[in-house]
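Here the structure is laid out as structure tokens; the discussion comes afterwards.
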Amino acid sequence: MPTRKLGRTSSQRRAMLRGLVTLLLENGQVETTLTRAKEVRSVAEKMITLGKKNTLASRRAALSYITKEDVVSKLFNEIAPGYADRNGGYTRIFKIGPRRGDAAEMAIVRLVD
């Protein structure tokens, strides 16, 4: 799925994105670097699209990526039905300036209400 390497091996990158997407769907927002945020956005939008289909196959596909079962049930029962009339654009990225330690550009990824 990802296009950017983010300075990690493919397995590390997949694990990091899985964790961030799970956190985003669980809490509604996540704070991370801008490049990671752009990657998280694409994967999260795909997960919400799976949630809108609401078939057994789409639920299993979501379970194979999202790390917590209760987050998958929240996705299918609460989050995805809220976007039933919307075609994409489920997330928004807000830039919040540089990080103090290494001046990396930080951003918040938030689900659109």
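We did not get these values from a lab; they are worked out from the coordinates using the rules stated. What you see is a predicted model, and the numbers here were worked out from it, not measured in a lab. Ideal geometry is used to build each Cβ from the backbone, glycine not excepted, and the neighbour counts take in all protein chains shown.
Just one of the numbered conditions (1) buried (at least 17 other Cβ atoms within 10 Å of the Cβ); (2) over 12 Å from V109 (Cα atoms); (3) among the hydroxyl-bearing types (S, T, Y) is not true of T3; which one?
(1)
Within the stretch 87-102, which residues are of a type outside the set (G, A, S) and in contact (Cβ under 8 Å) with a residue 24 or more places away in the chain?
If the condition is that a residue be of a type outside the set (G, A, S) and in contact (Cβ under 8 Å) with a residue 24 or more places away in the chain, then Y90, T91, I93, K95, I96, R99 are the ones that fit.
Give me the pairs, please: first residue somewhere in the stretch 16-45 and free of Cβ contacts under 8 Å to residues at least 12 places away in the same chain, second residue anywhere and aliphatic (A, V, I, L, M), beta-carbon distance under 7 Å, and either six or more positions apart or on two chains.
Partner pairs satisfying both residue conditions: L23/V30.
Looking for whichever is among the aliphatic types (A, V, I, L, M), over 20 Å from L17 (Cβ atoms) and without any contact (Cβ under 8 Å) to a residue 60 or more places away in the chain here; the options are L63, L75, L50, L56. Which one fits?
None of the others qualify; the one that does is L56.
Yes or no, residue by residue, for (1) under 13 Å from E31 (Cα atoms); (2) in contact with a Ser or Thr (Cβ under 9 Å, 6 or more places away or on another chain); (3) surrounded by fewer than 12 Cβ atoms within 10 Å (Cβ to Cβ); (4) of a type in the set (S, T, N, Q):
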site: L63; (1), (2), (3), (4): no, no, no, no
site: E69; (1), (2), (3), (4): no, no, yes, no
site: S73; (1), (2), (3), (4): no, no, no, yes
site: N77; (1), (2), (3), (4): no, no, yes, yes
site: F94; (1), (2), (3), (4): yes, no, no, no
site: G97; (1), (2), (3), (4): yes, no, yes, no
site: A103; (1), (2), (3), (4): no, no, yes, no
site: I108; (1), (2), (3), (4): yes, yes, no, no
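In the stretch 23-113, which helices (runs of 4 or more DSSP H) lie fully inside it and hold 3 or more residues that are in contact with a Leu (Cβ under 6 Å, 6 or more places away or on another chain)?
34-53, 56-65
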